[in-house]
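Below is one structure, written out as structure tokens; the observations come after it.
The values are calculated or read from the model by the stated rules, or taken from the named source; none is laboratory data. Note that the coordinates shown come from a computational prediction; the quantities given were computed from them, not determined experimentally. Ideal geometry is used to build each Cβ from the backbone, glycine not excepted, and the neighbour counts take in all protein chains shown. The protein model used for the area step is the full one, side chains on, heavy atoms only, and it has no ligands, DNA or RNA in it. Shrake-Rupley method; radii C 1.70, N 1.55, O 1.52, S 1.80 Å.
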Amino acid sequence: MIHRPRRTSVNALVATAALTRAALTVLRATAPGGRERWERTNHAGRAVGRYAGPAAALATAAGRVSPLAGVALLAVGGCGAYDDVAGDHRRGFRAHLAALRDGEVTSGAVELFGIGAAGLLAGAALRERPLDKVLAGIVVAGAAHCVNLVDVRP
């Protein structure tokens with residue numbers, strides 16, 4: 001069976017953008033856990049909010065055709081938000097894996113393995129053959145990790 005991706009309509013993109021904007025507005029207004037958890041100073045010394053990632057994940061998951069892909073998207077967004085809100089000073093896979101080797105589970109390690117697992121879940125939803133599922137999962141997780149780097153150096 002050949003997998004043919006569905007084309008996303010302009011209306012679906014507009015609806016997802018509107019949902020993202022609404023979720024962003026709600027998150028900014030409520031700032032669950034307090035504003036100090038959701039805002040930080042970036043490398044240039046400017047205050048930036050951490051609301052956009054979770055808002056986009058929520059809105060995109062709501063518009064997904066496959067419920068399994070929607071769950072995977074929510075898991076990725078949740079892992080990213082958890083690391084942003086509960087994160088520590090360590091940066092990079094190497095630092096988080098070294099802490100894990102020493103017996104400490106960091107928010108970055110939770111994010112690393114959570115996004116990996118969610119990517120495999122999404123791959124399972126997208127493909128038929130087992131090898132294709134794993135490869136798609138690796139691509140999805142890798143792309144999610146690349147997007148996650150944006151909050152380090154925009």
**OP:** Please state, rounded to one decimal and in Å, the Kirkwood hydrodynamic radius that the chain gives when every pair of distinct Cα atoms enters the mean of 1/r.
**Re:** 16.7 Å
Original post:
Per residue, what accessible area does region 48-135 have, given a 1.4 Å probe and all protein chains present, in Å²?
Top reply: 54 Å²
Original post:
Taking a 1.4 Å probe, which of Leu97, Leu112 shows the most accessible area, and what order do the others take after it?
Top reply: Leu97, Leu112
Subject >> Using distinct alpha-carbon pairs, which all enter the 1/r mean, Kirkwood radius of region 66-154 in Å >> reply: 13.4 Å
Original post:
What is the calculated FRET efficiency for His89 to Leu131, with r their C-beta to C-beta distance and R₀ = 35 Å, to the nearest 0.05?
Top reply: 0.35
Original post:
Round to a whole number: what % of the accessible area of the chain belongs to carbon and sulfur, probe 1.4 Å?
Top reply: 63 percent
**OP:** Show Tyr82, Tyr51 ordered by accessible area, largest first, where the area counts protein heavy atoms only and the probe is 1.4 Å.
**Re:** Tyr82, Tyr51
Subject >> Gaussian network model of the chain, springs between alpha carbon atoms under 10 Å - residue of Ala75, Ala18, Ala124 with greatest fluctuation >> reply: Ala18
